[in-house]
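K.L.:
Below is one structure. I have some questions about it.
The values are calculated or read from the model by the stated rules, or taken from the named source; none is laboratory data. Bear in mind that the values here come from a model prediction, so they are computed numbers and not experimental data. Ideal geometry is used to build each Cβ from the backbone, glycine not excepted, and the neighbour counts take in all protein chains shown.
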């Protein structure tokens, strides 16, 4: 599935660190490293094939970094609109951080990775660049809601992650 996803978008590569962090406590190190190497090799093979079959200028548009810098400097209205779209989700997700299980917290590394990737290769005026973070943000928000509404306390957030819940004393 990872290899097929590579055909859709290069952001699929960001699944490697997410997989590593999410599985760090559950998969033996040798297998984890082997899985990561296999996925990286498959990614590279698909990208080489893609760039061989599709001319590079059609497959990749350069100059996104400077486009983003210019956009931030000269398009203040668009930047404010972008922030108005992104900040409420980021703040809501941040509220769930304290009550989230460790594996979910590790998955949150996706946001800075998406930010860096968008800055270098994407365009900030397209909030869809951060769609991949939506499941993590929603899970963090649900952890916050569960904690505040006392839906079975913190234990309810740990069913999916298969990790022991933290006690209230550890918080």
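K.L.:
Just give me the residues in region 113-123 being modelled with pLDDT of 85 or more and surrounded by fewer than 16 Cβ atoms within 10 Å (Cβ to Cβ), in sequence order.
P.N.:
The answer is 116, and nothing else.
Residue-wise test of (1) surrounded by 11 or more Cβ atoms within 10 Å (Cβ to Cβ); (2) modelled with pLDDT of 85 or more.
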| residue | (1), (2) |
| --- | --- |
| 48 | no, no |
| 57 | no, no |
| 82 | yes, no |
| 98 | yes, yes |
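K.L.:
Residue check: is residue 140 more than 18 Å from residue 12 (Cβ to Cβ), assigned to a helix (DSSP H, G or I) and either in contact with a helix residue (DSSP H, G or I) (Cβ under 6 Å, 6 or more places away or on another chain) or not assigned by TED's automatic domain parsing to the domain that holds residue 18 (or both)? I'd like the intermediate steps shown before the answer.
P.N.:
Working: more than 18 Å from residue 12 (Cβ to Cβ): yes; assigned to a helix (DSSP H, G or I): yes; either in contact with a helix residue (DSSP H, G or I) (Cβ under 6 Å, 6 or more places away or on another chain) or not assigned by TED's automatic domain parsing to the domain that holds residue 18 (or both): yes.
Yes, satisfied.
K.L.:
Any idea which of (1) in contact (Cβ under 8 Å) with a residue 60 or more places away in the chain; (2) surrounded by fewer than 19 Cβ atoms within 10 Å (Cβ to Cβ) is the one residue 110 doesn't satisfy?
P.N.:
Evaluating residue 110 over (1) in contact (Cβ under 8 Å) with a residue 60 or more places away in the chain; (2) surrounded by fewer than 19 Cβ atoms within 10 Å (Cβ to Cβ) leaves (2) as the failure.
K.L.:
Still on this structure, please answer the following. Quick check: is even one residue across region 147-162 at pLDDT 80 or above and in the same structural domain as residue 78 (by TED's automatic domain parsing)?
P.N.:
Checked region 147-162: at least one residue is at pLDDT 80 or above and in the same structural domain as residue 78 (by TED's automatic domain parsing).
K.L.:
Please enumerate the residues belonging to region 61-102 that are over 21 Å from the mean Cα position of the chain (by Cα) and in a loop (DSSP other than H, G, I, E, B).
P.N.:
Scanning region 61-102 gives 61, 62, 63, 75.
K.L.:
Would you mention how many residues in region 130-148 are farther than 18 Å from residue 17 by Cα and surrounded by 14 or more Cβ atoms within 10 Å (Cβ to Cβ)?
P.N.:
The qualifying residues number 10.
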